[in-house]
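This report concerns only the one structure given below.
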Amino acid sequence: MDSERILPEIVERRAFRAFSAKKVDWEIAERIMEAARRAPSCANKQPARFLVCMEGDALISGRKALSGGNYWAKEAAFLVFALTKNELDCQLPDGREYAQFDTGLAVENMLLQAVHEGLICHPMAGFSPEILKKEFSIPDEYDPIAAVAFGYPGVGDYLNDKHRELEQAPQVRKPFEETIFLNKWVENAK
């Protein structure tokens, strides 16, 4: 596959953990959030909601929700929590609900815009929805889907050995044939 013809932001995007201490201006974060807002969604219902934690008590509270394994995300310039509730989006007669899928599309737009802006970003499942809801008085009907850490690339002196090694490791993707099936399904897919 000719990756040179893929958008550079897609090829360059990695889930790095080494953030610098440099602050990110709101104007840049605002463009990242606007990219999220412009994501496609089922019937244009736009079910994604985002809590942006950039400074002060909000950033401290957002960091409280992070799991211990995501210690490095506490060094990010800002955190974004993606939330939704199924009632905000398409609910098809066969039971499929699109709110989480559409929220994922919006998160991907954020990631690509962040790379375009020269930032690194790292989406995470490792956070406590309960702590997040408590810290920010988020109603129970909302489902926190993901947390994303954003910031400028740094050295990462605070990283443990495993994470320091991962920062330098090549990006690994499954082979094309293992994930893309042209004109027929392959039952023994890995």
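Derivation of every value follows stated rules applied to the coordinates shown; laboratory data play no part. Keep in mind it's a predicted model, so treat the numbers as computed, not measured. Glycine also receives a Cβ, built like all others from the backbone with ideal geometry; neighbour counts cover every protein chain displayed.
Odds and ends about this structure:
- Only the Cβ atoms of Lys and Arg (+1) and of Asp and Glu (-1) were treated as charged; on that basis the dipole of the chain about its Cα centre amounts to roughly 200 debye.
- Residue with peak Gaussian network fluctuation, the chain [Cα springs, cutoff 10 Å], from T103, T84, T179: T179
- Between the range 109-183 and the range 37-106, the C-alpha centres lie 12 angstrom from each other.
- Listed as lacking a disulfide-compatible partner in the chain: C53, C121, by the criterion of no other cysteine Cβ under 4.7 Å.
- Between the exposed loop cleavage positions of the chain, defined as chymotrypsin sites (Phe, Trp or Tyr not before Pro) in a non-H, G, I, E, B DSSP state with at most 15 neighbouring beta-carbon atoms within 10 angstrom, the longest gap is 1-157.
- Footprinting exposure proxy for K134, K174 (fewest neighbouring C-beta atoms within 10 Å first): K174, K134
- Exposure proxy ranking, count of Cβ atoms within 10 Å, fewest first, for E34, E141: E141, E34
- Among R31, R37, a tally of other beta-carbon atoms within 10 Å of each Cβ gives an order, fewest to most, of R37, R31.
- Per residue, the chain reaches -9500 deg cm²/dmol at 222 nm when only DSSP H runs of four or more residues are counted, each adding -39500 (n - 2.57).
- Values of log10 I(q)/I(0), in the order q = 0.19 Å⁻¹, for the chain under a Debye, Cα-only, solvent-free model: -1.37
- Each other residue within a Cβ distance under 14 Å of A29 adds +1 if Lys or Arg and -1 if Asp or Glu, for a net charge of -2.
- Axial C-alpha extent at least 18 Å, average Kyte-Doolittle at least -0.5 - helices from the chain (DSSP): 99-116
- Positive dipole terminus of the range 1-141, leading residue within L66, L7, Q46 (C-beta point charges): L66
- Tally of Lys pairs whose C-alpha atoms are under 14 Å apart, taken over the chain, 8 or more apart or cross-chain: 8
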